[in-house]
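For reference, the structure is listed below as structure tokens.
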Amino acid sequence: MNGFRHIFLLTAVFLLPGCTFPGQDGPPVSRSPEVKPRPADVGKPPRFPEIIRMNIIYIEVPAGQASGSEEIWSYLDEEPIGAERLVSLGRNGIRVGLGRAKSMPDIIRVLKRMTGQALGRRLTVGRTAAPHHIALKRNQGVQTIFSFHADRTLSGSDMPPGDNVLTVACTVDQDDADRIILTGMPQVRSAKTKTRFHSDPTGVRVVNKPVMFGFEDLMFQMPMKPGEFLVIGPGAASRRPHSVGRHFFIQKKQGMDFEIVLVITPKAEMLPEK
């Protein structure tokens, strides 16, 4: 009798839900979930790109090819910088547009046809939010530049000898790591340097740096996705002799005027983990 009871109990155990006979296919045996170790980076703040790699295409085209034609700008979107800033830049002889990745071959084709020469290429690399100074015209003498302001008033200033540069800085959107906010502004970088104290993690030191004179009313911002690019060049108002557009984007060579056009493609990258 006791032997029969033992056989019955053993059979009942094998027939419990979730169990199988040895060697028989069936649902897996139910077990307590395994507690996996937490990854080392759990609890750490998310990482964002720390480096901006900026690919720049630089080209000079005969006067009127960029400022007096819609061929380039028809491939670009000028609205992302905002209507008010667009008007302000236009009054000062500067034009800016955003290009999508698929439009790059068309832009290159149009630029090559305008000049018949190879495109110049540059590469700058720096930290996010750090300024990249793109020299447009070097070793300029004293310049008298007039600019229109947001309130439609006009004022002029005498700039010291130096370089006319386009200063560009890129930050990464903390809510969308694929989104870059590009900020640009034309500046005059003085040839004469000024002694300053510079503080960094290694300590305080004395450095000699040029003085930057910026046109703050012409500062613009543009959100950009991967593969998108910025095109900047002279607008129709660059024909005014003392306009910002003429001083920055018109180059005189052997008595002829040439227009400077830039195509800027920023890319955000991570630093290697230590």
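The values are calculated or read from the model by the stated rules, or taken from the named source; none is laboratory data. A quick note: this is a predicted structure, and the numbers were derived from the prediction, not measured. Methodologically, a virtual Cβ is constructed for each residue, glycine included, from the backbone with ideal geometry; neighbour enumeration extends over all protein chains shown. Heavy atoms of the whole protein, side chains included, go into the accessibility calculation; ligands, DNA and RNA do not. Shrake-Rupley method; radii C 1.70, N 1.55, O 1.52, S 1.80 Å.
Points to keep in mind about this one:
Table: residues versus (1) at pLDDT below 95; (2) closer than 23 Å to A169 by Cβ; (3) surrounded by 14 or more Cβ atoms within 10 Å (Cβ to Cβ).
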residue	(1), (2), (3)
E79	yes, yes, no
L111	yes, no, yes
T128	yes, yes, yes
I134	no, yes, yes
K137	no, yes, yes
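- Of the residues making up segment 67-77, those that are under 24 Å from K225 (Cα atoms) and open to solvent by less than 50 Å² (accessible area, probe 1.4 Å) are I72, W73, L76, D77.
- Scanning segment 125-156 for residues that are among the hydroxyl-bearing types (S, T, Y), more than 24 Å from E269 (Cα to Cα) and touching a residue at least 24 places away in the same chain (Cβ under 8 Å) returns T144, S147.
- None of T144, T153 is among the β-branched types (V, I, T), open to solvent by 20 Å² or more (accessible area, probe 1.4 Å) and under 22 Å from D257 (Cα atoms) except T144.
- Candidates are the residues of segment 83-102 that are closer than 15 Å to I232 by Cα and among the small types (G, A, S); the one that is surrounded by the fewest Cβ atoms within 10 Å (Cβ to Cβ) is G90.
- Criterion (under 19 Å from E259 (Cβ atoms) and outside any loop (DSSP other than H, G, I, E, B)) met by exactly one of L136, L123: L136
- From Q187, Q143, Q174, residue being modelled with pLDDT of 95 or more and under 28 Å from the mean Cα position of the chain (by Cα): Q187
- Here the strands (runs of 3 or more DSSP E) wholly within segment 162-274 that include at least 2 residues being surrounded by fewer than 17 Cβ atoms within 10 Å (Cβ to Cβ) and hydrophobic (A, V, I, L, M, F, W, C) are 180-200, 203-214.
- A residue that is touching a His at 6+ places or on another chain (Cβ under 8 Å) and at negative phi can be found somewhere in segment 116-125.
- A search for C-beta distances below 6 Å between a residue of segment 162-177 that is farther than 11 Å from L136 by Cβ and any residue that is among the charged types (D, E, K, R), counting only pairs 6+ apart in sequence or on different chains, returns G162/R189; D173/R179.
- Flag if R109 is within 21 Å of the chain's Cα centre (by Cα) and of a type in the set (D, E, K, R): no
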